[in-house]
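Heads up, the thing below is written out as structure tokens.
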Amino acid sequence: MVILRGVYLLLLMVGRDLKIRIGSLGVVEFKRGYYVYVGSGQRYLEKRIQRHKKRIKKVKWHIDYLTTDRDVKVIEAAAYNLPKKYECILADMLRGMGFKSVKGFGSTDCGCISHLYQIDVGFDRIVDEVSDKVRVKPMRFDP
């Protein structure tokens, strides 16, 4: 199964405490640990996910500032064949699960608090809970 468009959850590992300048957000602190980013790709979704793994790329989005850092690793992704509006719905689900948001990250073009959350439970558990709520089975990627 190939998903050409949809929304995704991207699991990241920050290897040490960092301070990174994130475009218009300014300098943002990231504590060592795991994070989930919610994104969308309405064309070539798989290529979008693969792009996140590349360290050398043109920095276009907030997530690029993070994924180009040598102490940040993209672990895996779960993609859903859902319309773009679900990007904000999934971000809101993560907020509702009680995870700590990185205020304003990835959400300058919508009303969400954030599209990046520091997590304290396993990624599989998050994917399972989101999948149950949206009633769609994700496609898993190891970028």
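Read the figures in this text as sums done on the coordinates, not as results from a lab. The shown structure was predicted, so the numbers you read here are calculated from the model rather than taken from an experiment. Ideal geometry is used to build each Cβ from the backbone, glycine not excepted, and the neighbour counts take in all protein chains shown.
Return the inverse of the average 1/r over all pairs of distinct C-alpha atoms in the range 101-143, which is the Kirkwood hydrodynamic radius, in Å to one decimal.
Taking every pair of different Cα atoms in the range 101-143, averaging 1/r and inverting gives 12.1 Å.
Amide H to amide H, which residues 5 or more places from I119 or on other chains are under 5 Å from it, using H placed in the peptide plane?
Under 5 Å from the amide H of I119 lie the amide H atoms of Y34, Y35, V36, each far enough along the sequence or on another chain.
In whole Å, largest first, what are the principal axis extents of the Cα atoms in the range 1-45?
Extents along the principal axes, in whole Å: 37, 24, 11.
Once the other residues with Cβ under 12 Å from the Cβ of L45 are scored (Lys, Arg +1; Asp, Glu -1), what is the net sum?
+4
Ranked highest first by average number of other Cβ atoms within 10 Å, how do 52-64, 17-29 line up?
For the peptides 52-64, 17-29, the packing ranking is 52-64, 17-29.
Long-range amide H contacts for I22: which residues qualify at under 5 Å (H placed 1.01 Å from N, peptide plane, sequence gap of 5 or more or a different chain)?
Those qualifying (amide H under 5 Å, at least 5 residues apart or on another chain) are V27, V28.
Peptides 124-132, 71-79, 97-105: what's the order by average Cβ count within 10 Å, highest mean first?
For the peptides 124-132, 71-79, 97-105, the packing ranking is 71-79, 97-105, 124-132.
Quick one: which residues, 5+ away or cross-chain, put their amide H under 5 Å from the amide H of I75? H built at 1.01 Å from N.
It is L11, L12, M13, by chain and number.
Calculate, in nm to one decimal, what D17 and E76 gain on full extension: separation in residues at 0.36 nm each, minus their alpha carbon distance.
19.2 nm
How high is the relative contact order of the range 20-143? Use alpha-carbon pairs under 8 Å, at least six apart in sequence, and give a whole percent.
Normalised by residue count, the contact order of the range 20-143 is 31 percent.
Is the range 34-143 best put as rounded, prolate or oblate by its Cα gyration tensor, with a ≥ b ≥ c the root eigenvalues, rounded for a/c under 1.5, and otherwise prolate when a/b is larger than b/c, oblate when not?
Verdict is rounded for the range 34-143.
Using a Gaussian network model of the chain with C-alpha springs under 10 Å, which one of L12, L82, L90 is most mobile by mean-square fluctuation?
In the Gaussian network model the winner is L82.
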